[in-house]
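The values are calculated or read from the model by the stated rules, or taken from the named source; none is laboratory data. In this text, all values refer to a predicted model and were calculated from it rather than measured experimentally. Glycine also receives a Cβ, built like all others from the backbone with ideal geometry; neighbour counts cover every protein chain displayed.
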């Protein structure tokens, strides 16, 4: 017997049994909505995410608590008391997938900030380093929040939506950034800041086969689009926004959704062959890719240009917080040090002094081991004139390190007139 129903633009994982589909609402087709005609019988079906035009990203809380973390716990994952999926006990497999396949990571503990109101664009334009006034709805960028003296607070990934701008920030900086932004809202400003971290879930795809996963889920329109490009979809009337880029790089994809939609989206991605990655492996990957992090590379000790975040900085927009310092550093070539990746000969402690010919030239800020016991990676700040790419330095007492351009750092494009090596 075959039963045909109309399901509002939804995701139905492959090989899923009918009872799991019962929570999906069976409704009449409203205007301006995309629908999938789903015929159910005992054979398996290949079903996909279907695009839908929605008026705006509704961020009201889900009606019930979702059970996504319970689901991954039952599959053997270790989850911290803070709700962070630390490991699936497959860290090496997941890191290998980053190079040869695709990995999916739950980053729902990261911060999400929604900036709305008529003045949201000029407000963020003035409060961070990117040029928001040149962006249209559906586009995105990285921007950096800095102190008035251009010391780094955090990198934020921004999605410019129709009626709001959504920022993804590090877990530890979400609260301080919201507090800081609220302080700069003046009486006449039409700006509202909301912490939507608890009302949303965030997954990212990493690896060369990310594009294939998108194609298989009927999301191929996003493949090949510029970094930050994003579109809205519906999963059982719950909003899902999918964008190009994955925090660590301009490749891969990010998926922002209602917690109620998270289990189905996660299962569908796994069904397409993605390997689940825990946050322990993600932290390794962060160092190997060369992305600076708050408390490590992004501190009040270093400014935004030393952190080598050129892609996030507009050099030709008007006044913004930290702009005078940044302009002065560039004009007078005042950048004294910069962030480098290091291939290390052994494990090293963050905070270790870096020397050349016995003279202190910098400091190690992050370390991680690789998949092999012989692989050791680090990030650190080095004085400009002390060493350049390919040179050897000494970390700590006797650990040698070779300066390299890790992927995130090599993607940064400083102005040609500025000496940055």
## Note on the structure
In segment 155-177, anything more than 26 Å from residue 290 (Cα to Cα) and either exposed (fewer than 14 other Cβ atoms within 10 Å of the Cβ) or out of contact with any helix residue (DSSP H, G or I) (no Cβ under 9 Å at 6 or more places or on another chain) (or both) is listed as 161, 162, 163
### Query
If you check residue 368 against the conditions, is it crowded, with 16+ Cβ neighbours inside 10 Å, touching a helix residue (DSSP H, G or I) at 6+ places or on another chain (Cβ under 6 Å) and more than 20 Å from residue 152 (Cβ to Cβ)?
yes
### Task
Given the conditions (1) part of a loop (DSSP other than H, G, I, E, B); (2) buried (at least 18 other Cβ atoms within 10 Å of the Cβ), report the number of the one that residue 316 does not fulfil.
(2)
### Task
Might you check whether a residue that is farther than 16 Å from residue 213 by Cα and surrounded by 22 or more Cβ atoms within 10 Å (Cβ to Cβ) occurs anywhere in segment 263-273?
no
### residue 72, sole failed condition from (1) buried (at least 17 other Cβ atoms within 10 Å of the Cβ); (2) within 15 Å of residue 283 (Cα to Cα)
(2)
### Task
Can you confirm whether segment 333-343 contains a residue that is within 21 Å of the chain's Cα centre (by Cα), surrounded by 21 or more Cβ atoms within 10 Å (Cβ to Cβ), at pLDDT 95 or above and assigned to a loop (DSSP other than H, G, I, E, B)?
no
